[in-house]
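K.L.:
Please read through the structure below; I'll follow up with questions.
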Amino acid sequence: MSLTDADLDALVAAAVTDGGVDFDGLRLDREPEGYVLETPAESRAGLSEAEFREGLAAVEEYATNWLYWRESVDGAGTARRAFLRWCERAPLEFALEAGGGAFDAETESEPLEVPARYEALRDGVDRRWGQLCITARFVDVDDPSGERVYDLWHVEDADTDVADLEVHDDPRDAREIATYDEDGRYRPLKTAPTLASGWAFTGLSGAELVEAVDYAYPATVANWHRERRGELDVDHWLETAERQTGIYDVVDELPREAVEWTAEACCVDSQCLRRREWHFDEGDELDADGGDGPFPCREPCSLVVAAARKWAILESEAERTWHLELTTSELNQLSELIDAVADGRVDEIREADVNDGANRYRARYLRAKRFDDGGGLEATEVEDAPDADD
Ligand code: SF4
């Protein structure tokens with residue numbers, strides 16, 4: 001039995017407070033006839049305090065579950081608490097607003113009631129958050145006092161022995177881990193799918209887990225929570241663009257179709273794991289795929305705004321017609337080169353694979369053949385054809 005006298009005292013005290021306890025299937029109350037103890041499996045009323053304490057010991061899972069969420073987690077209504085409940089597939093504690101984070105079987109799974117959740121927590125409940133894998137589990141499997149701890153690691157390390165990973169216990173270490181990619185390059189966008197693997201946090205408290213996740217993916221928990229409550233305040237493109245000043249003042253000149261291309265270039269899942277919820281304007285949706293991740297993006301980020309500034313300047317140029325000579329294969333090769341760079345595939349192309357148009361030797365050959373002395377493709381501008389009347 002893992003309920004201590006202090007635990008039972010806390011449960012009795014909660015039962016006699018206004019409204020008693022009504023939490024995760026456990027109802028405790030004191031009526032004029034005596035104590036009330038209810039779970040989905042049984043309902044008892046008119047109990048003496050001694051019978052009530054005995055009854056609590058018999059529904060230990062419900063009792064320790066209440067103690068964990070009341071004493072260890074607390075923070076009613078906070079994003080931290082909601083996230084920790086999501087981590088172990090506990091039911092929501094608030095009603096979903098219309099349009100507010102609709103239930104998604106892929107990312108949510110069916111919520112578990114207390115007995116099923118306790119069974120699952122003995123093995124560990126795994127959840128995925130971007131490239132993070134989170135396991136919620138009991139501190140002590142043999143004597144579940146209800147206390148949970150959380151492990152955190154990269155999804156790619158799911159099958160790696162923890163002894164082979166760099167183990168951390170300070171959540172602030174997640175900031176350093178998230179700063180550079182596998183090749184040591186700075187990651188300007190923290191939600192890009194380029195998080196380095198090879199590390200693990202084990203035995204974190206709930207507060208530590210949320211802190212570590214927040215270092216890895218800033219504000220994702222808070223925005224996820226706002227969305228689920230129907231409170232996500234989305235700033236669409238126009239609103240964001242129009243409030244830019246200084247060198248970014250030009251971004252509101254980006255044509256609407258170029259905003260589509262911007263979203264397609266930057267915000268799809270292959271580039272960013274946030275689910276884009278902003279559009280061109282309220283009631284004017286972009287067609288580009290917004291992604292499927294659990295956490296939303298509520299406004300164009302600074303990386304997108306910076307890129308949009310460049311595109312706004314480039315899009316102000318007039319289009320011209322050029323004459324350049326290429327074989328059909330060379331034209332196709334230009335497409336392959338652009339695709340390879342856009343998909344970040346260049347480093348994967350083997351030197352010997354000259355069938356790939358983005359192969360380094362193929363690219364060097366094309367440059368040797370088609371570039372002029374100025375170091376660019378040899379091309380001449382085609383003047384507009386004169387009007388028939390001229
Ligand atoms: S604006 Fe796009 S790239 Fe930036 S965080 Fe949002 S979804 Fe990601």
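K.L.:
To the nearest Å, what is the center-to-center distance of the range 250-277 and the range 175-238, using C-alpha atoms only?
P.N.:
Using only Cα atoms, the two centres lie 20 Å from each other.
K.L.:
Whose amide H sits under 5 Å from the amide H of LEU112, counting only residues 5 or more places off or on another chain, with H placed in the peptide plane?
P.N.:
For LEU112, whose amide H was placed from the backbone, the distant partners under 5 Å are ALA90.
K.L.:
Ok, one more. To the nearest µm²/s, what D does Stokes-Einstein give for the range 237-315 at 10 °C and 1.306 mPa s, using the Kirkwood radius over alpha carbon pairs as Rh? Let's see the in-between values first.
P.N.:
Working: Rh = 12.5 Å.
Translational diffusion coefficient: 127 µm²/s.
K.L.:
Find the eigenvalues of the gyration tensor of the Cα atoms of the range 184-316, then list the square roots of 5 times those eigenvalues as equivalent ellipsoid semi-axes, largest first, in whole angstrom.
P.N.:
29, 17, 13
K.L.:
In whole Hz and in residue order, list the ³J(HN,Hα) couplings for the range 174-188 that follow from phi through the Karplus curve 6.51 cos²θ - 1.76 cosθ + 1.60, θ = phi - 60°; x for Gly and Pro.
P.N.:
5, 5, 5, 4, 7, 7, 10, 7, 4, 9, x, 8, 4, 9, x
K.L.:
Treat every Asp and Glu Cβ in the chain as -1 and every Lys and Arg Cβ as +1, leave all other atoms uncharged, and give the resulting dipole magnitude about the Cα centre to the nearest 20 debye. The partial results should precede the final answer.
P.N.:
Details: 40 positive and 94 negative charges, 165 e Å.
For the chain, the charge dipole is close to 800 debye.
K.L.:
Computed over the Cα atoms of the range 322-381, what is the ratio Rg over Rh, Rh following Kirkwood? Kindly include the intermediate steps, with their values, before the conclusion.
P.N.:
Working: Rg = 12.0 Å, Rh = 12.1 Å.
Checking Rg against Rh, the ratio lands at 0.99.
K.L.:
Which whole-Hz couplings ³J(HN,Hα) result when phi for each residue of the range 250-263 is put into the Karplus expression 6.51 cos²θ - 1.76 cosθ + 1.60, θ = phi - 60°, listed in order with x for Gly and Pro?
P.N.:
My calculation for the range 250-263 gives 6, 5, 6, 8, 5, x, 4, 5, 6, 5, 4, 5, 4, 4 Hz in order.
K.L.:
A further question follows. Let me have the 222 nm mean residue ellipticity of the chain computed from DSSP H runs of 4+ only, each contributing -39500 (n - 2.57), with the sum over all residues rounded to the nearest 500. Write out the running numbers ahead of the final one.
P.N.:
Numbers: 14 runs with 137 residues, N = 390.
That comes out to -10000 deg cm²/dmol.
K.L.:
Could you tell me what percent of the DSSP beta bridges with both partners in the chain are antiparallel, to the nearest 5?
P.N.:
Values: 31 of 36 bridges.
So the antiparallel bridges in the chain amount to around 85 percent.
K.L.:
Please give the helix 114-123 orientation as an angle from the longest Cα principal axis of the chain, in degrees from 0 to 90, rounded to the nearest 10.
P.N.:
60 degrees
K.L.:
For the chain, with equal point scatterers placed on the C-alpha atoms only and solvent neglected, what are the log10 I(q)/I(0) values from the Debye formula at q = 0.08, 0.14 1/Å, to two decimals?
P.N.:
Debye output, listed in q order: -0.60, -1.25.
Since every read-out is calculated from the coordinates, none of them should be taken as a lab result. It should be emphasised that the depicted structure is a prediction, and the values quoted were computed from it without experimental measurement. No Cβ is skipped: glycine too gets one built from the backbone with ideal geometry, and neighbour counts run over all protein chains shown.
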